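A.B. asks: First the structure, then my questions, so here it is.
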């Protein structure tokens, strides 16, 4: 199949590299990453060693042929732009998949692509160390939904390419749980200036626990069923204790974070259901102020 990975940073590059062994894959990325891959291939470092894969990587989809599958892996704040951009190259049979952080991505996907829209969530751990090079810290599990033919087709494609993947009957619970974990871990790592393992110790643990329970209450008010969210947050923090969160990496590089699509969405939805979320609201304002400070400096 012809597969386009749109917004190929760390996660998108890792997915595209694995899929390229069985499919015709094109990555769409920013120029430094695209230039490095075009010149020297994509370098993937993992516990298995250091490998190199040569695959197509471009910066614009102007001349792209209609793909069978588009996988969107942009930052969540670019979802709307990504959906609008790919509309000009797809047809009625193209499946569009979102594998992104935050809440609200499925709304963009379903509104534009109907039953050909698939939403996914992954626990893969990937970091881009420099343009053209990524480090795969953990394979993780990738889930797709809603539970229909398009999601099953994508799941099958991932499994045959060596991923641990499943089609989920509870994909919205999966997405909410990922958002809750991100809300409980990422902004606190920014405030602390430390890796994910910081929330396993006080005073950060109490703060993370409150952020988790507040967000879970919002999810449940929206009719989402969750299984022990705090245990899930702790499990993730333990497994990724030495990792820097993507939000901390963004702040350190002076880049825009996904705080509005993660914690911001939780705060917005909390207002809609009449729930108070003071810890999440405080973390939201703190990260926003840090972003503004970085822009001024």
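The values are calculated or read from the model by the stated rules, or taken from the named source; none is laboratory data. Treat the numbers as computed from the prediction; the structure is a model and nothing was measured. Glycine gets a Cβ as well: all are built from the backbone with ideal geometry, and neighbour counts include every protein chain shown.
A.B. asks: Identify the single condition in (1) closer than 19 Å to residue 76 by Cβ; (2) in contact (Cβ under 8 Å) with a residue 24 or more places away in the chain that residue 278 does not satisfy, given that it satisfies every other one.
C.D. replies: Condition (1) is where residue 278 drops out.
A.B. asks: Quick check on residue 118: is it part of a strand (DSSP E or B) and modelled with pLDDT under 95?
C.D. replies: No.
A.B. asks: From the list 97, 70, 25, which one is more than 18 Å from the chain's Cα centre (by Cα), under 20 Å from residue 122 (Cβ atoms), at pLDDT 95 or above and in the same structural domain as residue 143 (by TED's automatic domain parsing)? Steps first, answer last, please.
C.D. replies: Details: 97 fails: more than 18 Å from the chain's Cα centre (by Cα); 70 fails: more than 18 Å from the chain's Cα centre (by Cα).
Answer to the check: 25.
A.B. asks: Something else now. Kindly establish whether residue 270 is crowded, with 17+ Cβ neighbours inside 10 Å and over 20 Å from residue 204 (Cα atoms).
C.D. replies: For residue 270, the condition - crowded, with 17+ Cβ neighbours inside 10 Å and over 20 Å from residue 204 (Cα atoms) - is met.
A.B. asks: Go through the range 235-248 residue by residue and tally those that are surrounded by fewer than 20 Cβ atoms within 10 Å (Cβ to Cβ) and modelled with pLDDT of 90 or more.
C.D. replies: Going through the range 235-248 one residue at a time, the tally reaches 2.
A.B. asks: Select from the range 101-110 the residues that are in contact (Cβ under 8 Å) with a residue 12 or more places away in the chain and part of a helix (DSSP H, G or I) and write down the one among them that is nearest to residue 258 (Cα to Cα).
C.D. replies: Kept after step one, since they are in contact (Cβ under 8 Å) with a residue 12 or more places away in the chain, are these residues of the range 101-110: 101-106, 108-109.
Filter once more, so that each one left must be part of a helix (DSSP H, G or I): 105-106, 108-109.
Numbers: 105: 12, 106: 16, 108: 16, 109: 18 Å.
Top of the filtered list is 105.
A.B. asks: Let me ask another. Pick from 126, 135, 119: which is assigned by TED's automatic domain parsing to the domain that holds residue 35, touching a residue at least 24 places away in the same chain (Cβ under 8 Å), crowded, with 19+ Cβ neighbours inside 10 Å and closer than 25 Å to residue 34 by Cα?
C.D. replies: 126
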